[in-house]
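Q: My questions will all concern the structure given below.
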Amino acid sequence: MGLDAKLPIGLLFMIFGALLPVYGFTSDAGIYAKSLGIDIHLRWGALMLLFGLAMLLLARRRWPPSEETTDFTDIPVTSCRH
(Lines give C-alpha, C1' and ligand atoms only; values in the text may rest on other atoms or scores of the structure.)
Protein backbone atom coordinates (compact mmCIF):
# COMPACT_ATOMS: atom_id res chain seq x y z
CA MET A 1 0.00 0.00 0.00
CA GLY A 2 1.57 3.29 -1.11
CA LEU A 3 1.21 6.78 0.20
CA ASP A 4 -1.49 8.70 -1.66
CA ALA A 5 -1.27 12.45 -1.06
CA LYS A 6 -4.29 13.28 -3.23
CA LEU A 7 -6.80 12.72 -0.43
CA PRO A 8 -5.36 15.13 2.19
CA ILE A 9 -4.48 17.71 -0.48
CA GLY A 10 -8.01 17.50 -1.87
CA LEU A 11 -9.53 17.92 1.58
CA LEU A 12 -7.26 20.87 2.35
CA PHE A 13 -8.16 22.68 -0.86
CA MET A 14 -11.87 21.95 -0.35
CA ILE A 15 -11.79 23.43 3.17
CA PHE A 16 -9.87 26.56 2.17
CA GLY A 17 -11.92 26.86 -1.01
CA ALA A 18 -15.08 26.92 1.10
CA LEU A 19 -13.69 29.46 3.58
CA LEU A 20 -12.49 32.02 1.02
CA PRO A 21 -15.92 32.81 -0.50
CA VAL A 22 -17.42 33.07 2.99
CA TYR A 23 -14.79 35.68 3.82
CA GLY A 24 -15.46 37.44 0.52
CA PHE A 25 -19.21 37.66 1.18
CA THR A 26 -18.88 38.80 4.79
CA SER A 27 -16.04 41.31 4.38
CA ASP A 28 -16.38 45.02 3.68
CA ALA A 29 -16.92 45.82 0.00
CA GLY A 30 -14.50 48.74 0.28
CA ILE A 31 -11.48 46.42 0.23
CA TYR A 32 -12.23 45.59 -3.40
CA ALA A 33 -11.91 49.21 -4.58
CA LYS A 34 -8.20 48.72 -5.32
CA SER A 35 -8.92 45.64 -7.41
CA LEU A 36 -11.50 47.32 -9.68
CA GLY A 37 -14.36 45.86 -7.65
CA ILE A 38 -13.39 42.24 -8.37
CA ASP A 39 -14.13 39.84 -5.51
CA ILE A 40 -10.91 37.87 -5.77
CA HIS A 41 -11.78 35.75 -2.72
CA LEU A 42 -14.84 34.40 -4.48
CA ARG A 43 -12.95 33.56 -7.67
CA TRP A 44 -9.97 31.91 -5.99
CA GLY A 45 -12.28 30.09 -3.58
CA ALA A 46 -14.21 28.59 -6.48
CA LEU A 47 -10.97 27.61 -8.19
CA MET A 48 -9.67 25.98 -5.02
CA LEU A 49 -12.95 24.10 -4.60
CA LEU A 50 -12.70 22.74 -8.14
CA PHE A 51 -9.08 21.70 -7.66
CA GLY A 52 -9.89 20.01 -4.35
CA LEU A 53 -12.80 18.17 -5.93
CA ALA A 54 -10.58 16.99 -8.79
CA MET A 55 -7.99 15.70 -6.31
CA LEU A 56 -10.65 13.83 -4.34
CA LEU A 57 -12.04 12.27 -7.51
CA LEU A 58 -8.56 11.17 -8.55
CA ALA A 59 -7.98 9.71 -5.09
CA ARG A 60 -11.15 7.61 -5.44
CA ARG A 61 -10.04 6.27 -8.81
CA ARG A 62 -7.25 4.15 -7.26
CA TRP A 63 -4.69 4.06 -10.03
CA PRO A 64 -2.92 1.69 -10.62
CA PRO A 65 -5.54 -1.03 -10.21
CA SER A 66 -5.26 -3.27 -7.19
CA GLU A 67 -3.69 -6.71 -7.40
CA GLU A 68 -7.10 -8.42 -7.38
CA THR A 69 -8.03 -6.87 -10.72
CA THR A 70 -4.69 -7.60 -12.43
CA ASP A 71 -4.40 -11.27 -11.49
CA PHE A 72 -4.31 -13.18 -14.78
CA THR A 73 -3.44 -16.61 -13.37
CA ASP A 74 -6.89 -18.06 -14.15
CA ILE A 75 -6.64 -17.33 -17.90
CA PRO A 76 -5.52 -20.43 -19.84
CA VAL A 77 -2.44 -20.08 -22.00
CA THR A 78 -2.98 -21.29 -25.58
CA SER A 79 -0.32 -22.07 -28.10
CA CYS A 80 -0.06 -20.05 -31.26
CA ARG A 81 0.05 -22.05 -34.51
CA HIS A 82 1.39 -20.57 -37.70
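Q: How about region 19-49: which of its residues are touching a His at 6+ places or on another chain (Cβ under 7 Å) and without any contact (Cβ under 8 Å) to a residue 12 or more places away in the chain?
A: Of region 19-49, the ones touching a His at 6+ places or on another chain (Cβ under 7 Å) are 20-21, 23-24.
Across region 19-49, there are no qualifying residues.
Q: Now for a separate question. Looking at (1) loosely packed, with under 13 Cβ neighbours inside 10 Å; (2) closer than 16 Å to residue 59 by Cα; (3) hydrophobic (A, V, I, L, M, F, W, C), can you tell me which one residue 29 breaks?
A: Every condition holds for residue 29 apart from (2).
Q: Moving on to the next point. Condition first: modelled with pLDDT of 80 or more and of a type in the set (Phe, Trp, Tyr). Can you find one or more residues in region 37-59 that meet it?
A: Yes: one or more hits.
Q: Next up: Would you tally the residues in region 1-14 being out of contact with any helix residue (DSSP H, G or I) (no Cβ under 8 Å at 6 or more places or on another chain) and either among the charged types (D, E, K, R) or part of a helix (DSSP H, G or I) (or both)?
A: Looking only at region 1-14, we keep the residues that are out of contact with any helix residue (DSSP H, G or I) (no Cβ under 8 Å at 6 or more places or on another chain), and these are 1-3, 5, 8.
With either among the charged types (D, E, K, R) or part of a helix (DSSP H, G or I) (or both) added as a condition, the list becomes 8.
Going through region 1-14 one residue at a time, the tally reaches 1.
Q: Considering only residues that are surrounded by fewer than 17 Cβ atoms within 10 Å (Cβ to Cβ) and either of a type in the set (Lys, Arg) or closer than 30 Å to residue 5 by Cα (or both), which ones fall in region 33-50?
A: 34, 40, 42, 43, 44, 46, 47, 50
Q: Going through 23, 32 one at a time, which residue ends up being modelled with pLDDT under 85, among the aromatic types (Phe, Trp, Tyr) and out of contact with any Lys or Arg (no Cβ under 7 Å at 6 or more places or on another chain)?
A: Being modelled with pLDDT under 85, among the aromatic types (Phe, Trp, Tyr) and out of contact with any Lys or Arg (no Cβ under 7 Å at 6 or more places or on another chain) holds for just one of 23, 32, which is 32.
The values are calculated or read from the model by the stated rules, or taken from the named source; none is laboratory data. Not measured: the values here are computed from a predicted model. Ideal geometry is used to build each Cβ from the backbone, glycine not excepted, and the neighbour counts take in all protein chains shown.
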